[in-house]
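Report on one structure; see the data block that follows.
The values are calculated or read from the model by the stated rules, or taken from the named source; none is laboratory data. Being a predicted model, the structure only gives us computed values, none of them experimental. We place every Cβ from the backbone using ideal geometry, glycine too, and count neighbours over all the protein chains shown. For the accessible areas, the whole protein counts, side chains as well, though only heavy atoms, and no ligand, DNA or RNA atoms are used. Shrake-Rupley method; radii C 1.70, N 1.55, O 1.52, S 1.80 Å.
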Amino acid sequence: GEMDYTRNTKEEIELGLNQYREIVEKSPMYIFKIDRDFRITYANESLYTDYGHTKDSILALTAKDMQLPAESYNKWYMYYEKVFLSGQKESFESRLDNKDAVKFFKFHLYPEKDENNVVYAITVYMSDTTDNKLIEDERDYVFNFSLDMFAVQTINGDFLKVNPSWNEILNWPAEKIIG
């Protein structure tokens, strides 16, 4: 008769979980979970290896305990609190001044809820956006400091952004040109 594709064997389920676990552990994204006290209850392998921690040295710690800069984690904590209170997903960008370099990250926060729909943990997906940020900064620098007249326009030719050269050459304020 009909084939039933929905029923997986215990072995198939375990195989699937192991493959998923492997993907998460080795992901270039940093994936970790925090509890209501903002303590790390899980972190993927990439997070330790890239930051020179071991699994034992990082679990149960907060960003504050790890002596990360307060100006970074204060922002994170504000968003964590928001997710715990609202039960809604959040995402934001943040910079992290490390001893050797400044890094930029995009955070995606996903609430984990219990059977009473109360958020008991947050899964955080954190991706390094430093390279993109540096490229954007370089582009903005070229755009803003060029002597040539640079502009960003819509397909209809409306100006969205003009560089300072427009004002210097035409003697028109940017506000008048944009739109």
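Go through the range 115-125 residue by residue and turn each phi into a ³J(HN,Hα) via Karplus (6.51, -1.76, 1.60, θ = phi - 60°); whole Hz please, and just put x for glycine and proline.
5, 8, 6, 9, 6, 10, 7, 10, 8, 10, 10
Using 7 Å Cα-to-Cβ label points, what is the SER57/ASP128 separation (nm, one decimal)?
1.7 nm
Using θ = phi - 60° and the Karplus curve 6.51 cos²θ - 1.76 cosθ + 1.60, what whole-Hz ³J(HN,Hα) does each residue of the range 53-65 get, with Gly and Pro shown as x?
Per-residue couplings from phi come out as 10, 10, 4, 5, 6, 10, 5, 6, 9, 9, 4, 5, 4 Hz.
May I ask you to derive the relative contact order of the chain, considering only C-alpha pairs under 8 Å and at least 6 residues apart, and to give it as an integer percent? Please list the in-between numbers first.
Numbers: 245 pairs, mean separation 25.6, N = 179.
14 percent.
May I ask you to list the residues of the range 91-135 whose amide nitrogen lies under 19 Å from a point 7 Å from Cα along the Cα→beta-carbon direction of ARG36?
From the range 91-135, the list is 110-124.
At a Förster distance of 35 Å, what's the computed FRET efficiency of MET29 paired with LEU170, Cβ-Cβ distance as r, to 0.05?
My answer for the efficiency is 0.15.
Scanning the chain for GluC sites (Glu not before Pro) in DSSP loops with at most 13 other Cβ atoms within 10 Å, what's the longest stretch left with none?
3-114
Under the 0.36 nm per residue contour assumption, what length would be gained going from the current alpha-carbon distance of PHE159 and TYR110 to full extension?
Numbers: separation 49, 0.36 × 49 = 17.64 nm, distance 3.76 nm.
Length gained, PHE159 through TYR110: 13.9 nm.
LYS176: which lysines have alpha carbons under 18 Å from its alpha carbon, excluding same-chain residues fewer than 8 sequence positions away?
In chain and number order, the partners are LYS161.
With a 10 Å cut-off between alpha carbons and a GNM built on the chain, which of LEU61, LEU109, LEU15 moves the most?
LEU15
Let's test the formula: R0 of 41 Å, r as the Cβ-Cβ distance of ASP65 and GLU12. What FRET efficiency results, to the nearest 0.05?
Computed FRET efficiency for ASP65 and GLU12: 0.55.
Could you rank TYR120, TYR20, TYR77 by how accessible they are, 1.4 Å probe, largest area first?
Of TYR120, TYR20, TYR77, the descending order of accessible area is TYR20, TYR120, TYR77.
Tell me which lysines have Cα within less than 25 Å of LYS82's Cα, excluding those fewer than 8 residues away on the same chain?
Those lysines meeting the cut-off are LYS33, LYS64, LYS103, LYS106, LYS113.
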